[in-house]
Amino acid sequence: MRSLSIIAQLSSLPFLVSAQCPDYLDYALQYHAPFSEGKYNLSYQRPSEECRTFKSQGVEDLITRYQTVIKDPDLYRLFQNSYPNTLDTAIKWKGYAANNSEEELTFIITGDINAMWLRDSANQMQSYLPLLNASSDPNSIASLYRGVINLQARYLLTQPYCNSFQPPVESGVEIAPNPSASDDTVNPPFTNSSVFECKYELDSLAAFLEVSANYYNATGDTAFFGKFQWVSAVEAVLKVAEDMTTPTYGSDGAVLTSPYTFTRLNTRSTETLANDGLGNPTANGTGLIRSAFRPSDDSTIFQLFIPANMMFSSFLASTSEIMGKLNTSNSAALAQKMSDLSKSLQQAIEEHGVVDHPTHGQVYAFEVDGFGGTTIMDDANIPSLLSAPFINYPVDPDIYDNTRELVLSATNPYFMRGPVISAVGGPHQGPGFAWPMASIVRILTSDDDDEIVDQLRQIVSSTDGLGLVHESVNSFNVTNWTRQWFSWANGLFGQMIIDLEKRKPDLLETSFQ
């Protein structure tokens, strides 16, 4: 058993090192030699070895091997910088719970924001899924995964409606102020000491299930899920899902009490909910779960947000298998409940989330309200309609093809077109800004060689020489972009390259010079 004093000493060591290292927020804004030998002359952006926040020999070996797999020097440099970005810069703290010296905890920041998002941290870990295998080594990818799952479980038991959280008290890391949330009025209430922001997003709950399923499928480690707070956290997730099927009106027309309300004093409509925090009305009887916010952290127009329901259904199914193998008093009943809800959500999506479009035929709507209101668009952030196969939702092939055609055309009001990059954007950064993340998802969900190569060309040419995947890029001006440090998008790029080696290795020999 580890003593808490030893744990505290070990926990402080990374910060003694980091105090001597440059802030990556500033470092990533600068150009560093050696530059790539391609025409884009991309900067080298990895921090020095002593300043990296977590080291994995498996990741280093993979990066070295890919120097012979990826023939284009600029594409390789982008992979070299991007794939290890979470490990290099975002593992803010790793340690153990104060009340259980066997319970691993991993606090991962999203990058330039010093807080841990459920969604982002799950996706940041997913980048290293190709290298995940069973291991008890505390310096392994498996240990990082266990730490994320355990900490996310703690967060969900603290406040299951919230999306991003402060560092655990064991870490000694200072809590991050959030001026944007200082005037929020949220029910259920929260405190800034444990929560960074409390936007209820169904996909955040799905992210916890996703990272759990990914760990289980790669390691087969059933025992882990019965040791700490995972079962209780799943129960909390299911309770929110059940409560958020509450419609706006009762059968007699009375306005029902919503389990969650949110208002923020702000000049942007996407930062708050209509009707004094209730959101726009939602009908009863659809079987879908409400989501107040999207994975972009923008508010929904209609709260029956289809991509999040797709993701929740998908990972309910896979985690029900884990639950069914645990030997607890209620695990069998919970597993059945999860499986049943997964199936009913899929049925509800196909019944209420499919609409007739005058140009594209039957498509998946982005949002619906159950009264006939629909939002026809897509957003770059995952889960999106474009990403449905990537999140393992069993799409109707014809409906998905129609939806994809709509999403990647001017019919989608947030499909940005321009000479620099053409990709899905969203209201988070507004018209004119395409998100490379959407280009990556487009590649991950495509079997068309020409489409894939074209998207690779656009991504590699749109980093403004910095050699990192930005959050968004002005489709007409390569020097106008947002967030040079966005670990999720960078890791996803590397994950996509690894996927291409498996599916279409010849495409990685393409030259973009």
Can you give me the long-range amide H partners of residue 199? Hydrogens built in the peptide plane at 1.01 Å from N, cutoff under 5 Å, separation of 5 or more residues or another chain.
163, 164
Over the chain, what relative contact order in percent results from Cα pairs under 8 Å that are six or more residues apart?
15 percent
At 1.4 Å probe size, what's the solvent-accessible area of residue 459? Round to the nearest 10 Å².
0 Å²
Treating only the Cβ of Lys, Arg, Asp and Glu as charged (+1, +1, -1, -1), what charge dipole size does the range 122-223 show about its Cα centre? Round to the nearest 20 debye.
200 debye
I'd like the GluC sites (Glu not before Pro) in the range 364-459 restricted to DSSP loop residues with at most 15 other Cβ atoms within 10 Å, sorted by number.
none
Non-local amide H neighbours of residue 381 (under 5 Å, H modeled in plane, Pro and chain starts lacking H): which ones?
none
With +1 on each Lys and Arg Cβ and -1 on each Asp and Glu Cβ, how big is the dipole of the chain about its Cα centre, in debye rounded to the nearest 20?
880 debye
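Would you mind computing Rg(Cα) / (2.2 N^0.38 Å) for the chain, counting N as its residues?
After normalising by residue count via 2.2 N^0.38 Å, the value is 0.94.
Do the alpha carbons of any pairs in 71/502; 239/337; 55/502; 92/227; 55/94; 39/71 sit beyond 18 Å of each other, and which pairs? Walk me through the numbers on the way to the answer.
Values: 71/502 16 Å; 239/337 11 Å; 55/502 25 Å; 92/227 24 Å; 55/94 12 Å; 39/71 14 Å.
Cα-Cα > 18 Å for 55/502; 92/227; rest within.
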By average C-beta atoms within 10 angstrom, highest first, the peptides 88-100, 181-193, 260-272
88-100, 260-272, 181-193
Only Cα pairs under 8 Å and at least 6 apart count here; give the relative contact order of the range 191-294 as a rounded whole percent.
34 percent
To the nearest Å, what is the center-to-center distance of the range 104-134 and the range 255-328, using C-alpha atoms only?
22 Å
Can you tell which of 299, 172, 363 lies farthest toward the positive end of the dipole of the chain, using +1 and -1 charges on the Cβ of basic and acidic side chains (Lys, Arg; Asp, Glu)?
172
For the range 72-227, with all protein chains present and a 1.4 Å probe, just round the carbon and sulfur fraction of the accessible area to a whole percent.
49 percent
I'd like the distance separating the alpha-carbon centroids of the range 26-76 and the range 401-462, in whole Å.
25 Å
Quick calc of log₁₀ I(q)/I(0), the range 100-251, Debye, one scatterer on every Cα, no solvent, q values 0.11, 0.16 1/Å, result -0.43, -0.87
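Explain nothing, just the number: dipole magnitude of the range 456-512 about its Cα centre with +1 on each Lys and Arg Cβ and -1 on each Asp and Glu Cβ, in debye rounded to the nearest 20.
80 debye
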1.4 Å probe accessible area per residue over the chain, in Å²:
38 Å²
What residue among 204, 287, 441 has its Cα farthest toward the positive end of the dipole of the chain, where the charges are +1 on Lys, Arg and -1 on Asp, Glu, each on the Cβ?
204
Taking the Cα centroid of the range 332-356 and of the range 184-238, what is the distance between the two, rounded to the nearest whole Å?
20 Å
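The values are calculated or read from the model by the stated rules, or taken from the named source; none is laboratory data. Every value quoted in this text rests on a predicted model; they were computed, and no experiment measured them. Cβ atoms come from the backbone with ideal geometry, glycine included; neighbour counts cover every protein chain shown. When the accessible area is computed, the model is the full protein with side chains, heavy atoms only, and any ligands, DNA or RNA have been set aside. Shrake-Rupley method; radii C 1.70, N 1.55, O 1.52, S 1.80 Å.
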